[in-house]
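Asks: There's a structure below that I have some questions on.
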Amino acid sequence: MPDHSPLDLLIRNQIAATGPMPVARYMDLCLTHPEHGYYRTRDPLGRDGDFITAPEVSQMFGELIGLWAASVWHAMGMPAQVRLIELGPGRGTMMADALRAIRIVPAFHEAIRVHLVETSPALRRKQSDRLADYPDVQWHDSIDDIPEGPSIILANEFFDALPVHQAVKTDSGWHERVVRLDGDALAYGEAKDPIPRFAMLLPPQVREAPPGAIFEWRPDAQIMTLARRVRDHGGAALIIDYGHLRSDAGDTFQAVARHSFTNPLRQAGLADITAHVDFQALAHAAEDIGGRVHGPVEQGAFLKALGIETRALTLMKNASPEESLAIDAALKRLTGSGTEGMGSLFKVLGISHPSIETLAALSDQGQTTASSSGEIFKR
Ligand code: SAH
């Protein structure tokens, strides 16, 4: 590979001309630059790509999400029309598996209008192929473009791809972390002036972090849009991602290419750049706007509560010995808590209209939860 990607050159020229840029701006350019942005140019998913997501691990994932959506539709009072919205649908696998599972509830299947929010032309094409049986699917650049109405919203590994800001604690306060030029290379730095009154906005456990600590945050716009929509029009949203249940200091800015970690400041636009999702921050923002928060719980517990083990056994009944092994491996990958497993690293958060008291598999009992007081996270 050449030393500098086209986007890398462009970013270095920009920094040379106008000065260091916040990490969030750098991440945004890497992922969504119209010509060279990571998601604009490729399908990053799968064995031959850069990373694998839960729906690509096994059909069981999308199927259970479909049945979860059916239970939400029941809780909503079975409206005759409901928008099934997915943010960042990747290859369309989760939606295809969900819609197939939903066929066992014909009235719900009938009620659904599918809306996909996707900015990548390459992935829109994949989604269109995958969902060829559903001619009425509509694509949107933003959730704001989707017509009103009762909605069930799904987002798997969407929030981790949204630009993240970082601030570094120093003796003179919290400074925004920036990307700057260090000779010919890109390097991290800190904005000269501290962010005014930043500490006041931080949860206490972060405020007391030692000098050098890094805090990450994302703008609340996306989560507030979701919460406002279900508050005003009824329904619920399901957010699944890797991240932490409680806001904390830490640097999770990372790049992955071909299934290995790489330096996020190298080869801009050629690697996937993400940061962990702060579920406490999401829960608070959703609650502030009047959404009802359910969970968050760990993905392993969520999928088990939805019956993934029974589903695996059913699939194994008609499978060859090799297929059975693959199903068992997928089950472990989706629910296991080891380093290879997604079961505890990934969290699941529900946000609903205030009238929906419980969402399937997201009840607090015995689970870790973001309570309304925000500080109490019980195990
Ligand atoms: N949900 C899929 C794909 C996850 S990858 C799965 O689980 O397999 C992230 C997805 O979000 C991709 O489809 C990407 O193109 C999309 N995406 C990233 N940033 C986006 C943005 N700002 N607006 C809309 N879609 C975005």
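The values are calculated or read from the model by the stated rules, or taken from the named source; none is laboratory data. Please read these numbers as outputs of a predicted model, since none were measured by experiment. Neighbour counts run over all protein chains shown; Cβ positions are idealised from the backbone, glycine included. Accessible surface is based on the protein model in full, side chains and every heavy atom, while ligands, DNA and RNA are left aside. Shrake-Rupley method; radii C 1.70, N 1.55, O 1.52, S 1.80 Å.
Asks: Given a 1.4 Å probe and heavy atoms of the protein chains only, how would you sort Lys192, Lys347, largest accessible area at the top?
Replies: Sorted by accessible area, descending: Lys192, Lys347.
Asks: Using a 1.4 angstrom probe with every protein chain in place, what is the largest-first accessible-area order of Asp220, Asp171, Asp241?
Replies: From most exposed to least exposed: Asp171, Asp220, Asp241.
Asks: Which value, in Å² rounded to 10, gives the accessible area of Thr314 with a 1.4 Å probe and all protein chains present?
Replies: 60
Asks: Translational diffusion coefficient, Stokes-Einstein: compute it for the chain using the Kirkwood radius over C-alpha pairs as Rh, at 4 °C and 1.567 mPa s, and state it as an integer in µm² s⁻¹.
Replies: On the way: Rh = 21.7 Å.
The estimated diffusion coefficient comes to 60 µm²/s.
Asks: Could you tell me what fraction of 2.2 N^0.38 Å the Cα radius of gyration of region 138-217 comes to, as a two-decimal ratio? Don't jump to the answer; show the numbers that get you there.
Replies: Details: Rg = 18.1 Å, N = 80, 2.2 N^0.38 = 11.6 Å.
Here the Cα radius of gyration is 1.56 times the empirical estimate.
Asks: With no solvent and one equal point scatterer placed on each C-alpha of region 70-117, evaluate the Debye formula and give log10 I(q)/I(0) for q = 0.25, 0.32, 0.33 Å⁻¹, two decimals.
Replies: -0.96, -1.27, -1.29
Asks: Along the Cα→Cβ direction, 7 angstrom out, place labels at Ser172 and Ser320. What is the inter-label distance in nm?
Replies: 6.7
Asks: In the full protein assembly as shown, how much of Arg100 is accessible to a 1.4 Å probe, in Å² to the nearest 10?
Replies: Rounded to the nearest 10, the figure is 90 Å².
Asks: For region 115-255, report the convex hull volume of the alpha-carbon atoms normalised per residue, in Å³, without decimals.
Replies: On the way: hull volume 22.8 nm³, N = 141.
Enclosed volume per residue, from the Cα hull, is 162 Å³.
Asks: Counting only protein heavy atoms and using a 1.4 Å probe, what share of the accessible area of the chain belongs to carbon plus sulfur, as a whole percent?
Replies: On the way: 8790 of 16960 Å².
Here it works out to 52 percent.
Asks: In addition: What is the Cα centroid distance between region 20-45 and region 260-305, reported in whole angstrom?
Replies: Here the two parts' Cα centres lie 18 Å apart.
Asks: To the nearest 10 degrees, how steep is helix 59-75 against the longest Cα principal axis of the chain, on a 0 to 90 scale?
Replies: 70
Asks: Give the aspartates and glutamates reachable from Lys347 as a straight Cα distance under 15 Å; neighbours fewer than 8 places away on the same chain don't count.
Replies: Glu157, Asp160, Asp241, Asp278, Glu298, Asp364
Asks: A follow-up question, please. Calculate the dipole size of the chain relative to its Cα centre from +1 charges on Lys and Arg beta carbons and -1 charges on Asp and Glu beta carbons; express the result in debye to the nearest 20. Write down the numbers at each step before the final one.
Replies: Values: 36 positive and 48 negative charges, 75 e Å.
I would put it at about 360 debye.
Asks: Show that you can apply the helix-only estimate: for the chain, add -39,500 (n - 2.57) for every DSSP H stretch of four or more residues, divide by all residues, and state [θ] at 222 nm to the nearest 500. Numbers along the way, then the final one.
Replies: Numbers: 14 runs with 133 residues, N = 379.
One gets -10000 deg cm²/dmol as the mean residue ellipticity at 222 nm.
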